[in-house]
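*Asks:* I'd like to ask some things about the structure below.
The values are calculated or read from the model by the stated rules, or taken from the named source; none is laboratory data. The shown structure was predicted, so the numbers you read here are calculated from the model rather than taken from an experiment. Using ideal geometry, Cβ is built from the backbone for each residue, glycine included, and neighbour counts are taken over all protein chains shown.
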Amino acid sequence: MKSFRKELWFASKHRMELLNITDQVEACLAESEVREGLCLVNAMHITASVFINDDEPGLHQDYKAWLERLAPFDPQGYQHHQTGEVNGDAHLKRQIMGREVVVAITEGRLDFGPWEQIFYGEFDGKRQKRVLVKIIGE
């Protein structure tokens, strides 16, 4: 069995941003030479997320508006802010959107359903953060 590990780094331009990272993950899969197995993609920061959904701009706007209603940015409104950080909302948004995805690898390709793509969700951006891609299989 092969094991492959690579970190992808992102520096978002906005505090909240949804980036399609499918091409980068597919490049990792090609580099790994795994034909059958599993691909784990996870955010390595507690204010970021990795999730699967459709790459449709209206849906992305809906996500951002929904998340902001559920956990609005409020520099004074969260207990976490007592530590000096003002990103309590970003921790909650990450919890809602999830930490990671696992995708089956079949015949050397990510085995997606129709319209599925992998996204990096940034909720406390404008700085460097990383995503881990771990691929195992044969």
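*Asks:* Which pairs have Cβ atoms under 9 Å, sit 6 or more apart or on different chains, and link a residue in the range 16-30 that is free of Cβ contacts under 8 Å to residues at least 60 places away in the same chain to one that is surrounded by fewer than 18 Cβ atoms within 10 Å (Cβ to Cβ) and part of a helix (DSSP H, G or I)?
*Replies:* From residues that are free of Cβ contacts under 8 Å to residues at least 60 places away in the same chain, there are no pairs.
*Asks:* When the range 1-19 is examined, which residues are found to be hydrophobic (A, V, I, L, M, F, W, C), under 21 Å from His45 (Cβ atoms), touching an Asp or Glu at 6+ places or on another chain (Cβ under 8 Å) and in a strand (DSSP E or B)?
*Replies:* Answer for the range 1-19, where residues must be hydrophobic (A, V, I, L, M, F, W, C), under 21 Å from His45 (Cβ atoms), touching an Asp or Glu at 6+ places or on another chain (Cβ under 8 Å) and in a strand (DSSP E or B): Phe10, Leu18, Leu19.
*Asks:* Before we move on, is Gly125 within 22 Å of Lys6 (Cα to Cα), in a loop (DSSP other than H, G, I, E, B), modelled with pLDDT under 95 and among the small types (Gly, Ala, Ser)?
*Replies:* Yes, satisfied.
*Asks:* While we're looking at this one, here's another question. Kindly provide the set of residues from the range 20-39 that are surrounded by 18 or more Cβ atoms within 10 Å (Cβ to Cβ) and part of a strand (DSSP E or B), ordered by number.
*Replies:* Result: Gly37, Cys39.
*Asks:* Against the definition (surrounded by fewer than 20 Cβ atoms within 10 Å (Cβ to Cβ), touching a Phe, Trp or Tyr at 6+ places or on another chain (Cβ under 7 Å) and closer than 24 Å to Asn87 by Cβ), how does Asn42 come out, yes or no?
*Replies:* Considered against the rule, which asks whether it is surrounded by fewer than 20 Cβ atoms within 10 Å (Cβ to Cβ), touching a Phe, Trp or Tyr at 6+ places or on another chain (Cβ under 7 Å) and closer than 24 Å to Asn87 by Cβ, Asn42 comes out as no.
*Asks:* Out of all the residues in the range 54-65, is one or more within 30 Å of Gly137 (Cα to Cα), surrounded by 15 or more Cβ atoms within 10 Å (Cβ to Cβ) and touching a residue at least 40 places away in the same chain (Cβ under 8 Å)?
*Replies:* no
*Asks:* Limited to the range 46-98, what total is found for residues that are of a type in the set (Asp, Glu) and at pLDDT 95 or above?
*Replies:* 5
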